[in-house]
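Rule-based calculations on the coordinates, nothing more; no lab input. Fair warning: this is a prediction, and the values are worked out from it, not measured in the lab. Here the Cβ positions follow ideal geometry from the backbone for every residue, glycine too, while neighbour counts run over all protein chains shown.
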2 protein chains.
Amino acid sequence: MIFIQRERLLVNESNRLHRQIEFIREIDKLKHVLRQSLLMDASRQENDAEHTWHIAMMGMIMLEHAVEPGLDLKVVLKMLLIHDIVEIDAGDTFAYDESGHVDKFQREQLAANRIFGLLPDDQRDELISLWLEFEAGDTMESRYAASIDRLQPLLHNYYTSGAAWQRHGVRSSQVLARITKMAISVPALYDYAVWLVGDAVAKGYLAE
Amino acid sequence: MIFIQRERLLVNESNRLHRQIEFIREIDKLKHVLRQSLLMDASRQENDAEHTWHIAMMGMIMLEHAVEPGLDLKVVLKMLLIHDIVEIDAGDTFAYDESGHVDKFQREQLAANRIFGLLPDDQRDELISLWLEFEAGDTMESRYAASIDRLQPLLHNYYTSGAAWQRHGVRSSQVLARITKMAISVPALYDYAVWLVGDAVAKGYLAE
C-alpha cells in the first residue's frame, strides 16, 4: 500500500516535471520574436528574450526611482520575465501600430492560455494572473514594470539616432503620449524620458 | 539656502541616474556574446542575454524542486540576471575548455570591477557581491542558481541531438562531473539530468 502511494507520488511528480520541461522548451521560441528596436550598436533588431532580460536588469537597477512605497521587486521581476511570452503566438505589435492593437488583447489571451497552459495548473494560474496584472496596470508593481518596459525602447531609439522612429514615421507627440503613465510610478525617470524625447527632436532623430 | 540644497540634490540625483543609464547602455553588449549552445530549433547559437532570460524563467518555474528550505527567490533571480555580465569583457568560456578556465576567474574579476563599476558605488558593491556569491557557491541561493545554469545547456544539447557536445568531442563522464553539484540543491532535477545524459548516450547524441 505504501509502495503504491509512493508510485503514485512519483508519477504525479514526474508529470509536474514533464509539464515544466515542456514549457521551458516552448518558451525558447521567444528568442525568435523580433522587435522593431535595434540593439544599441544598430547592428540588428532586438528579440523579445534579450529585451526581457534587459528590462529585468533595469527593474533591479531603477527601483529607487519608484515613488509608490513598499514595491515588491520579486513580483516586478516575475512580471517582467513573463510579460512578452504571449508574443510567441501573437507576435510583437509595434507600439505605434494602431490597427495591430485592435485585436491585440484577444490574440494575446489565447496565447496565454495555450503557452502558460503547458505548466501544472497552479503555475499556469499564477503566470496568467501575473500577465493580466501587468496588462491591467492597476497595481504599483505593474505600473513600475510597465514604466521600465516603456523606457527601454526609448533608450534604444535614442542611442540608435531614432532608427525605428524614422522607419515608421513616428512623431514626438506619439512617444510622449506613450510614456505619460511613467509620471505616476517613476516621476524622475518620466522627466528624464521627456528630456530624451525633446533632445531627440532637437538632434533630428524624431519628427516634432 | 534651501534652493542651493535642492540644486545639490538634483546634481547628485542626476549623477546617480547618469551612471545607471551608462550601465544599462553598456550591458546591451551581452546580446553579442555567443555561447556554444544552439537554440532548441538548432537554427543558430544562443547569446548570453537570451540564455540569462531563459534561466531566470527556469529559476521561477523549478523552485519547488529546491530542497534547502527558505530559499529567497528574489536573490536567486538577481544573481541569475547578473551572473554572465562579466562575459562582456571576459568572453564565454566553454564549460569543457580546460585551458580557458586557467585564468577565467581573474579575467572575470577585472570585468566585474569595470562593468559593475559604472554604477553608483552602493549598487556596484551589491552586484559584485552577488556575482562573487554565485561564483563561490556557498549559499543555498547560489547552489540553486548554479544548478539551473547547468541544467539549461544540458536541455539545449539534448534537444539539438548533442550539437555542441559533438562539435567539441565532449564525453558523458565530463557532463556528469559538471552536474554533480545539482544533487545537493535539486536532487529531483539531478536525477532527471542524469537520465537525460544516459538517454543522450543511448541515442548517440553524446559519446560514452
remark   = A chain fully extended from A:E26 to A:R167 at 0.36 nm per residue, minus the present Cα-Cα distance, gains in nm 47.6 nm
note = By the Kirkwood definition, with r running over pairs of different Cα atoms, chain B has a hydrodynamic radius in Å of 18.5
query = If each of B:D122 and A:A136 carries a label point 7 Å out from its Cα toward its Cβ, how far apart are those two points in nm?
reply = 3.3
request  = For region B:110-161, state the semi-axes of the equivalent ellipsoid (square roots of 5 times the eigenvalues of the alpha-carbon gyration tensor), sorted largest first and rounded to whole angstrom.
outcome  = 28, 14, 7
task = Could you state, as a whole-number percent, how many of the C-alpha pairs of region A:96-135 are farther apart than 17 Å?
result = 35
ask   = Which percent of Cα-Cα pairs in region B:129-195 sits in each 5 Å bin, short to long?
value = 4, 17, 26, 22, 16, 11, 4, 0
ask   = Using 1/(1 + (r/R0)^6) with R0 = 45 angstrom and r between the beta carbons of A:K181 and A:N15, what's the FRET efficiency to the nearest 0.05?
value = 0.65
task = Could you tell me which of B:T93, B:A202, B:W131 has its Cα farthest along the dipole of region B:75-208 towards the positive end, charges placed at Cβ (Lys, Arg +1; Asp, Glu -1), taken about the Cα centre?
result = B:A202
query = Of the peptides B:160-167, A:98-105, how do they stack up when ordered by the mean number of other Cβ atoms within 10 Å, highest first?
reply = B:160-167, A:98-105
message = Taking the Kirkwood radius as the inverse of the mean 1/r across Cα pairs, report the Rg/Rh of region A:36-78.
response = 1.10
request  = Measure nothing fancy, just the Cα-based angle from helix A:104-116's long axis to the longest principal axis of chain A, in degrees from 0 to 90, nearest 10.
outcome  = 30
ask   = Can you give the Rg to Rh ratio for the protein assembly as shown, taking only C-alpha atoms and Rh from Kirkwood?
value = 0.98
query = What angle, in degrees between 0 and 90 and rounded to the nearest 10, separates the Cα long axis of helix A:140-159 from the longest principal axis of the Cα atoms of chain A?
reply = 50
query = In terms of modelled amide H atoms, which long-range or inter-chain residues lie less than 5 Å from the amide H of B:V33?
reply = B:D48, B:A49
message = Could you tell me the calculated FRET efficiency between B:D191 and A:N113, based on Cβ-Cβ distance and R0 = 41 angstrom, to the nearest 0.05?
response = 0.85
ask   = If you place +1 on the Cβ of every Lys and Arg, -1 on the Cβ of every Asp and Glu, and leave all else neutral, what size is the dipole of region A:11-101 about its Cα centre, to the nearest 20 Debye?
value = 360
query = How about B:K78: which lysines have a C-alpha closer than 25 Å to its C-alpha, ignoring those fewer than 8 places off in the same chain?
reply = A:K29, A:K31, A:K74, A:K78, B:K29, B:K31, B:K104, B:K181
inquiry  = Can you give me the angle between helix B:187-202 and the longest principal axis of chain B, using Cα atoms only, in degrees from 0 to 90, rounded to the nearest 10?
reply    = 50
